[in-house]
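Chemist: A single structure is presented below for examination.
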Amino acid sequence: KTHLSWAGEEGLVRVRMRADQQPFAVKHVRVTDSGFEVKFSAPVAPAGLSGLKVRAHGYHYHKAYGSPKVNDRAVAVAASQFDTGGTTLRIKLPELRLGDVYTIAFPGLVSRSGQPLLGDTIYYTLLTIR
């Protein structure tokens with residue numbers, strides 16, 4: 001927080017959580033040559049991917065401010081598979097397009113312990129493919 005923030009009062013706040021208090025969240029997302037790799041903070045429940053949805057869209061780049069979404073479309077998931085620990089998901093897509101914004105939604109996803117996912121939507125602007 002800063003003295004100009006909406007929360008008021010000056011200073012920094014440090015939050016320390018015990019290991020048993022960690023939220024179930026996305027740790028990181030990486031692009032692969034065929035899709036995305038999503039790492040979660042805890043193992044995911046086996047039936048958790050039933051609602052997985054991927055969309056993509058672009059924007060017009062011009063000097064005027066703002067742009068509507070262009071070429072907004074659903075992207076079919078060719079395959080999705082967890083690693084043996086259940087924390088890393090590999091999502092294979094039929095194609096990746098540079099410059100597109102990918103929206104990956106995990107509605108209803110829960111951890112093996114039953115904790116709901118904190119923030120169930122990822123937005124990834126694809127600038128390069130490794």
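The values are calculated or read from the model by the stated rules, or taken from the named source; none is laboratory data. Quantities reported herein were computed from a predicted structural model and do not represent experimental measurements. Note that we place each Cβ from the backbone using ideal geometry, even for glycine, and neighbour counts take in every protein chain shown. These area figures cover heavy atoms from the full protein model, side chains too; ligands, DNA and RNA do not enter into them. Shrake-Rupley method; radii C 1.70, N 1.55, O 1.52, S 1.80 Å.
Chemist: How many residues are touching a strand residue (DSSP E or B) at 6+ places or on another chain (Cβ under 6 Å) and either among the aromatic types (Phe, Trp, Tyr) or in a loop (DSSP other than H, G, I, E, B) (or both) when one looks only at the range 100-111?
Modeler: Number of matching residues: 2.
Chemist: Among (1) among the hydrophobic types (A, V, I, L, M, F, W, C); (2) more than 16 Å from the chain's Cα centre (by Cα); (3) surrounded by 11 or more Cβ atoms within 10 Å (Cβ to Cβ); (4) part of a strand (DSSP E or B), which single condition is Ile129 missing?
Modeler: Exception for Ile129: condition (4).
Chemist: Of everything in the range 9-42, what is at pLDDT 90 or above, in a loop (DSSP other than H, G, I, E, B) and open to solvent by 50 Å² or more (accessible area, probe 1.4 Å)? Give them in sequence order.
Modeler: Within the range 9-42, Asp33, Ser41 qualify.
Chemist: What number of residues within the range 88-99 satisfy the criterion of being assigned to a strand (DSSP E or B) and among the hydrophobic types (A, V, I, L, M, F, W, C)?
Modeler: Count: 2.
Chemist: Only one of these is touching a residue at least 40 places away in the same chain (Cβ under 8 Å), open to solvent by less than 40 Å² (accessible area, probe 1.4 Å), over 21 Å from Asp33 (Cβ atoms) and assigned to a loop (DSSP other than H, G, I, E, B): Gly114, Gly85, Gly119. Name it.
Modeler: Unique residue meeting the criteria: Gly85.
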